[in-house]
Amino acid sequence: MPITSYLAHPHEGKQQELLEELSAIEACDAVPAQNRDVIALVTATESKEEEAQLKIQLETIKSLKLLAMVSGFNTPKNA
Amino acid sequence: MYQSVQTNRRDFIKKMAMLSAMTAAAGMFPGIIFAEEQERGIPTGAQLDWKKAPCRFCGVGCGVLIGTENGKAVAVKGDPKSPVNKGLCCVKGYHSIMAMYGKDRLTKPLVKKNGRYVETSMQEALDLVASKMQETIEEHGKDAVSIYGSGQWTIPDGYVASKLFKGCIGTNNVEANARLCMASAVTGFLTSFGIDEPMGCYEDIDHADTFVLWGNNMAEMHPVLFSRLLDQRLKRGVKIIDFATRTTRTSMAADKSIIFNPQTDLAVANAICHEIINNGWMNNAFVQEHCNFRKGLTNMGYGLEDNYKFTDKPEPVSLKEYKKFLEDYTPEKVSKLSGVSVKDIKYLAAHYGDPNKKVMSLWCMGMNQHTRGTWINNLVYNIHLLTGKISSPGNSPFSLTGQPSACGTVREVGTLTHKLPHGVVMNKEHREFAAKIWDVPAENIAPKPTYHTVEMFRALDRGDIRFMWIQVTNPMVTMPKLKRYRDGAKKEGRFIVVSDIYPTPTTDIADVILPSAMWVEREGMYGNSERRTQYFEQMVEPPGEAMSDTMQLIEVAKRMGFEKQFYYKDETHIEEIYNEYRRHHDNKKHNMAPLEVLKTQPGAMWPYVDGKETKWRFNAKYDPACSNGKDFHFYGKKDGKAIIWQRPYEPAAEEPDAEFPFWLGTGRVVEHWHTGSMTRRIPVLHQAMPHAYVELHPEDAKRMQIRTGDSVKLTTRRGEITLPASVNERGVPAPMQVFVPFFDENMLINDITLDSFCPISKEPDYKKCAVKVEKA
């Protein structure tokens with residue numbers, strides 16, 4: 001049951017739109033920064049396959065400029 | 001962040017993942033605010049009372065706002081008004097309030113009777129502490145009692161401890177754990193400038209073009225400050241150079257990572273000076289006007305034997321002699337010793353030497369926990385002095401601290417054996433000055449220092465010290481060569497008092513355990529790395545009979561007959577103590593801001609003169625204490641000049657050999673505060689980093705067929721320990737080196753470390769000893 005965190009960077013002026021699209025996806029938990037154009041995103045899926053599918057879905061969101069995966073505190077080189 | 005009720009494991013992991021993302025964002029965008037998350041979980045309609053405080057943890061001194069409701073702290077957020085962190089917090093800061101609410105919080109005094117701890121009242125426990133101390137003094141003399149505090153002591157805690165022991169009892173047996181973390185920084189400042197603490201401030205970060213991190217994993221140890229460096233790179237394209245013995249998160253984020261062999265930073269620093277002079281980059285006018293050259297004794301030893309003593313004998317040298325000395329430190333010669341390429345040595349020197357670049361050097365434990373810690377501090381100052389890149393915005397050698405009040409309490413109040421709040425015990429005028437304010441006879445204050453920390457615990461082992469009171473620190477995890485000192489503390493005829501908030505390996509050796517009030521459960525002040533003093537009020541009640549360390553000391557002092565000196569009223573004692581303390585620093589070089597100023601703003605930097613803080617000391621443009629009529633005045637020295645020291649490379653106390661072929665270094669991780677006694681009780685932090693490990697280089701691991709998670713046995717001349725391996729994870733040591741964090745009381749790495757120390761600062765070297773590594 002993978003849980004993964006990301007930083008989602010919107011295209012210019014598209015922060016709210018991106019937030020709405022991410023929030024509409026059940027497996028996503030999105031928290032926007034108040035003073036920067038970036039959204040902290042956590043995905044929680046049931047399997048690796050489902051996670052891969054979700055990743056593909058996320059990459060089709062037009063307001064999304066860049067999705068940068070963030071590992072947990074105790075994972076390989078990532079910070 | 002709100003302290004939620006216990007959620008299920010999946011929700012818990014999701015929360016951790018969200019925190020990871022926010023922490024990463026904070027590293028990229030300093031000052032970023034996730035207000036929705038920070039306030040999530042706060043009960044609907046909650047009427048939170050937000051009050052400011054400095055963070056409880058590291059020496060950066062971030063300003064936080066604490067939300068309380070119904071007598072409990074329930075939320076934390078970064079204080080956007082704080083010039084230190086501008087609204088940002090690290091993972092520890094966001095969870096700081098949870099450290100107050102661990103299940104096993106100490107709430108009642110415990111007294112050991114027939115091998116078992118028995119609850120008693122605070123009044124009875126304090127009676128016992130006072131009577132035991134008096135009894136020990138009567139039987140064994142005043143130098144048989146001692147106090148060991150910390151850089152987590154508030155300013156009033158340390159002040160009353162020093163007043164009681166040095167002024168009233170008359171022993172200089174006062175030490176603090178800051179001896180283990182920044183004593184070399186102090187002696188570095190004193191030998192180079194004659195006065196302690198950085199000349200610059202965090203605002204230097206906004207002006208510097210190049211940052212050189214000397215053995216300093218800022219990304220984990222000072223994450224908020226590091227994010228300010230990253231922010232400047234985004235805005236201005238500054239360069240960050242990580243100069244270290246191990247690849248860390250800092251190395252990965254830096255523009256350039258340069259790895260050197262342990263101990264050879266001494267040689268590389270001299271090589272940089274060689275290049276500066278050889279290439280004509282020396283600022284001749286600055287050096288001629290503001291610097292002297294000196295050399296000291298060499299081959300000082302390493303303090304490994306009991307009662308080791310060393311006193312340096314400085315002698316003047318000429319620039320010509322200094323240049324001759326540097327001929328042994330050409331990049332070519334130093335490259336062979338240090339493992340740093342000639343090109344990289346020249347690269348470092350070129351950044352310092354470029355007259356159009358402002359350079360900030362930053363360091364912490366890598367340079368301080370070093371058997372030649374004072375020397376390497378001197379050598380980095382040499383680089384800045386030779387180029388004149390000092391005491392001006394962006395040109396700043398900056399020694400960082402690891403604890404919230406290592407500067408404020410230990411260095412400024414002077415809770416080390418040789419120190420007084422103003423000056424040193426060896427100086428008659430300083431003793432008389434302190435005695436007058438303390439209202440004690442001047443002859444009460446002994447003119448000789450007694451024991452520095454390592455020697456204090458050796459004295460406890462030998463029986464020269466019979467009574468030790470330990471407050472807000474955990475030496476039974478942090479002392480090097482720990483087994484000796486643990487066994488010593490347990491010997492018959494020793495009486496140990498420990499004031500803390502949770503059970504620890506140190507409370508395990510106690511005869512009396514006093515429950516302490518923590519942080520905003522009492523009133524106090526901390527002083528951070530940039531000379532900023534910050535006030536916090538009491539926001540919640542401490543649990544049970546827990547009492548502030550300040551008040552514990554006052555109560556014991558009164559019981560010992562010092563009512564006159566400890567005249568403070570319960571309701572105003574912090575204000576009275578702070579006002580009394582300010583009198584020690586009532587001069588342009590160190591004046592402290594009035595309490596009413598500290599109450600209304602997120603701290604103030606000293607010297608605070610005519611209603612203004614001083615950002616850059618020794619620079620006449622900014623510092624009203626400069627009085628020599630020149631552009632710079634290093635007024636810590638009588639002639640107003642700083643010293644460029646001729647200090648050679650010397651090897652470490654113990655280096656790898658055929659039997660113990662690896663280097664062992666120790667350190668910290670971002671999730672845990674020092675020994676983990678608080679942060680390991682915060683579920684999200686404990687889960688994120690549940691236990692210690694040993695990092696190996698992948699080539700070594702492959703050769704030894706060790707994979708992540710495998711058990712690895714480490715053996716030194718002091719003993720052995722088994723830990724799980726970590727290969728290619730967070731940090732990667734150089735080949736034939738291993739690294740172990742020290743936060744885990746179940747894997748006490750200090751059982752096998754070495755108690756060698758810098759002969760000048762007496763600070764132990766936790767970064768270097770020889771170890772055998774085997775798959776268990």
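Answer with yes or no whether B:H672 is part of a loop (DSSP other than H, G, I, E, B), within 23 Å of B:H222 (Cβ to Cβ), touching a strand residue (DSSP E or B) at 6+ places or on another chain (Cβ under 8 Å) and within 14 Å of chain A (Cβ to nearest Cβ). Can you show your working first?
Numbers: part of a loop (DSSP other than H, G, I, E, B): yes; within 23 Å of B:H222 (Cβ to Cβ): yes; touching a strand residue (DSSP E or B) at 6+ places or on another chain (Cβ under 8 Å): yes; within 14 Å of chain A (Cβ to nearest Cβ): yes.
Yes: the conditions hold for B:H672.
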Yes or no: the range A:32-44 includes at least one residue that is more than 10 Å from the chain's Cα centre (by Cα), more than 9 Å from chain B (Cβ to nearest Cβ) and more than 30 Å from B:K86 (Cα to Cα). no
Please enumerate the residues belonging to the range A:1-31 that are more than 9 Å from chain B (Cβ to nearest Cβ) and at pLDDT below 85. A:P2
Among the residues of the range B:307-332, the number that are within 30 Å of B:T453 (Cβ to Cβ) and either surrounded by 10 or more Cβ atoms within 10 Å (Cβ to Cβ) or aromatic (F, W, Y) (or both) is 6
Go through the range B:623-681 and count every residue that is surrounded by fewer than 19 Cβ atoms within 10 Å (Cβ to Cβ) and among the hydroxyl-bearing types (S, T, Y). 1
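Looking at B:N299, B:N292, B:N278, B:N270, can you tell me which residue is closer than 16 Å to B:A349 by Cβ and surrounded by fewer than 22 Cβ atoms within 10 Å (Cβ to Cβ)?
B:N278
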Any pair with Cβ under 8 angstrom, 6 or more apart, that starts in the range B:347-362 at a residue that is basic (K, R) and ends at one that is in a loop (DSSP other than H, G, I, E, B): B:K357/B:D209; B:K358/B:H207; B:K358/B:A208; B:K358/B:D209; B:K358/B:K389; B:K358/B:P393; B:K358/B:G394
Quick one: in the range B:233-263, of everything that is in a strand (DSSP E or B) and of a type in the set (V, I, T), which residue is nearest to the other protein chains (Cβ to nearest Cβ)? B:T247
Restricting the range B:547-573 to residues that are assigned to a loop (DSSP other than H, G, I, E, B) and without any contact (Cβ under 8 Å) to a residue 12 or more places away in the chain, which is farthest from B:W438 (Cα to Cα)? B:K569
Selection status of B:T298, assigned to a loop (DSSP other than H, G, I, E, B), without any contact (Cβ under 8 Å) to a residue 60 or more places away in the chain and more than 20 Å from B:V287 (Cβ to Cβ): no
Tell me which of these B:L88 doesn't satisfy, since it passes every other one: (1) more than 14 Å from chain A (Cβ to nearest Cβ); (2) modelled with pLDDT of 70 or more; (3) part of a loop (DSSP other than H, G, I, E, B). (1)
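Could you go through the range B:617-631 and let me know if any residue there is away from chain A (no Cβ under 14 Å) and under 22 Å from the mean Cα position of the chain (by Cα).
Quick first cut of the range B:617-631, residues away from chain A (no Cβ under 14 Å) only: B:617-631.
After this cut, where a residue has to be under 22 Å from the mean Cα position of the chain (by Cα) as well, the list is B:617.
Within the range B:617-631 (the criterion being away from chain A (no Cβ under 14 Å) and under 22 Å from the mean Cα position of the chain (by Cα)), the answer is yes, since at least one residue qualifies.
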Between a residue in the range B:507-524 that is buried (at least 23 other Cβ atoms within 10 Å of the Cβ) and at pLDDT 95 or above and any residue that is part of a helix (DSSP H, G or I) and among the acidic types (D, E), which pairs come within a Cβ distance under 6 Å, given they are 6 or more apart or on different chains? B:S516/B:D549
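Quick grid of which residues meet (1) charged (D, E, K, R); (2) more than 18 Å from B:Y649 (Cα to Cα); (3) in the same structural domain as B:T374 (by TED's automatic domain parsing):
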| position | (1), (2), (3) |
| --- | --- |
| B:V268 | no, no, yes |
| B:A271 | no, no, yes |
| B:E275 | yes, no, yes |
| B:G280 | no, yes, yes |
| B:H290 | no, yes, yes |
| B:S318 | no, yes, yes |
| B:Y322 | no, no, yes |
Given the condition closer than 30 Å to B:P404 by Cβ and in contact (Cβ under 8 Å) with a residue 40 or more places away in the chain, answer yes or no: does some residue in the range B:652-664 qualify? yes
Total residues in the range B:714-736, condition farther than 20 Å from B:A244 by Cα and either modelled with pLDDT under 95 or more than 14 Å from chain A (Cβ to nearest Cβ) (or both): 10
All positions within the range B:239-284 that are over 20 Å from B:L337 (Cβ atoms), more than 28 Å from the chain's Cα centre (by Cα) and not aliphatic (A, V, I, L, M): B:N279, B:G280, B:W281, B:N283, B:N284
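State whether one or more residues within the range B:737-752 are within 14 Å of chain A (Cβ to nearest Cβ) and in a loop (DSSP other than H, G, I, E, B). Spell out the reasoning first.
Our first condition is that a residue be within 14 Å of chain A (Cβ to nearest Cβ); within the range B:737-752, this holds for B:741, B:743-744.
Of the ones still in play, those that are also in a loop (DSSP other than H, G, I, E, B) are B:743-744.
Yes: one or more hits.
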In this structure, does B:Q705 turn out to be assigned to a helix (DSSP H, G or I), in contact (Cβ under 8 Å) with a residue 40 or more places away in the chain and either surrounded by fewer than 24 Cβ atoms within 10 Å (Cβ to Cβ) or not assigned by TED's automatic domain parsing to the domain that holds B:H418 (or both)? no
I need a count of the residues in the range B:568-581 that are under 26 Å from the mean Cα position of the chain (by Cα) and surrounded by 19 or more Cβ atoms within 10 Å (Cβ to Cβ). 5
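Scan the range B:41-100 for residues that are among the hydrophobic types (A, V, I, L, M, F, W, C) and more than 26 Å from B:S677 (Cβ to Cβ) and jot them down. Talk me through it step by step, then tell me what you get.
From the range B:41-100, those among the hydrophobic types (A, V, I, L, M, F, W, C) are B:42, B:46, B:48, B:50, B:53, B:55, B:57-58, B:60, B:62, B:64-66, B:73-76, B:84, B:88-91, B:97-100; that's our starting set.
Residues satisfying the conditions are B:I42, B:A46, B:L48, B:W50.
The values are calculated or read from the model by the stated rules, or taken from the named source; none is laboratory data. Bear in mind that the values here come from a model prediction, so they are computed numbers and not experimental data. Ideal geometry is used to build each Cβ from the backbone, glycine not excepted, and the neighbour counts take in all protein chains shown.
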